[in-house]
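Each value in this text was obtained by applying a stated rule to the coordinates, not by laboratory testing. Everything quoted here is computed from the prediction, not taken from an experiment. Because the Cβ atoms are built from the backbone with ideal geometry, glycine has one as well, and the counts that use them run over all protein chains shown.
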Amino acid sequence: MLIQASCFLDFTCENPVPTTFMLRAKSGFGQFIIRDELHTKPYCTATEFTDNYGNLCQRMVLPVGNSRLESSVLADCRSDIDVDFSAGWTAVEYLPDFVLHFILPSRYCESDKMADIAMEIVQGCNPGYEQVDAICRWINTNVRYQYGTTNSSTSAYDILSSQTGVCRDFAHLGISLSRALDIPARMVTGYLYDLNPMDLHAWFEVYLAGRWFCFDPTQAAPRGNRINVAYGRDAADVAFATHFGNVELNEMIVRVDEKLP
């Protein structure tokens, strides 16, 4: 399926503010990027680098006053995601080096505090995909999706208590519970077609049977038609904008539409 996605951002700055954005997607498994564009008004000189997780990062200095930025992408995406209940758990000693840090606790994912509840949730499941599927179903059933109930400091452990949050909180909880079982898990941000309400979205992936599998606890069933933009340990690694100064976000508009061939 061809997907046209865009993110429009409107900022106000009292002083010039160095900023790093993470808004450009790359071709990879399940998606081919046909075209992508990034425009600023007024024009800002930008440079780009690849971070430690392979994400494309754009650096620029937002000027004093009002700034507008629009990122758009046209991608050919899979309309489904792989589901494999036979995908088993890999013992830590056999995991490849590059996934080891995805089983450790991180800023928003206190997996070291969640072993007991993780074991309770997955009781009776075979180690691996079945366990993560049970975690997703538990989060979808027990955590309420509601804007304005969490903030940038809310962690997965907080969500266990409040049982209310948004997509990033659902992802953090899924990551933490998976890591508590020594299953490598990473956060993904990007676009999801037909998301309601529409916004930049977050979900997670786990490493099983030698590959990554997609899980989204905000959804009642597996769904494709996604554009992956960034990967990391948690939200600290995949923020769409990191400002090194005071910036006011006036407006953000996200659109994701089907593009007919």
When the Kirkwood radius is taken over all Cα pairs of region 31-98, what Stokes-Einstein diffusion coefficient follows at 10 °C and 1.306 mPa s, in µm²/s? 97
Rounded to the nearest 10 degrees, the helix 129-142 long axis (Cα) sits at an angle to the longest Cα principal axis of the chain of 70
The chain: angle of helix 167-179 to the longest principal axis, Cα-based, in degrees nearest 10: 40
Quick one: work out the % antiparallel among DSSP beta bridges in the chain, nearest 5. 95
With no solvent and one equal point scatterer per Cα, compute the Debye intensity ratio I(q)/I(0) for the chain at 0.09, 0.12, 0.15 Å⁻¹ and report its log10, rounded to two decimals. -0.41, -0.72, -1.11
Apply the Karplus curve 6.51 cos²θ - 1.76 cosθ + 1.60, θ = phi - 60°, to the phi angles in region 105-112 and return the couplings in whole Hz, x for Gly and Pro. x, 9, 3, 9, 10, 8, 5, 5
Report the Stokes-Einstein translational diffusion coefficient (µm² s⁻¹, integer) for region 205-261, Rh taken as the Kirkwood radius over Cα pairs, at 25 °C with viscosity 0.890 mPa s. 162
Over 5 Å intervals from 0, what percent of Cα-Cα pairs in region 92-236 sits in each interval? 2, 11, 22, 25, 22, 12, 5, 1, 0
May I ask you to sort Glu48, Glu251 by Cβ crowding, counting other Cβ atoms within 10 Å and putting the fewest first? Glu251, Glu48
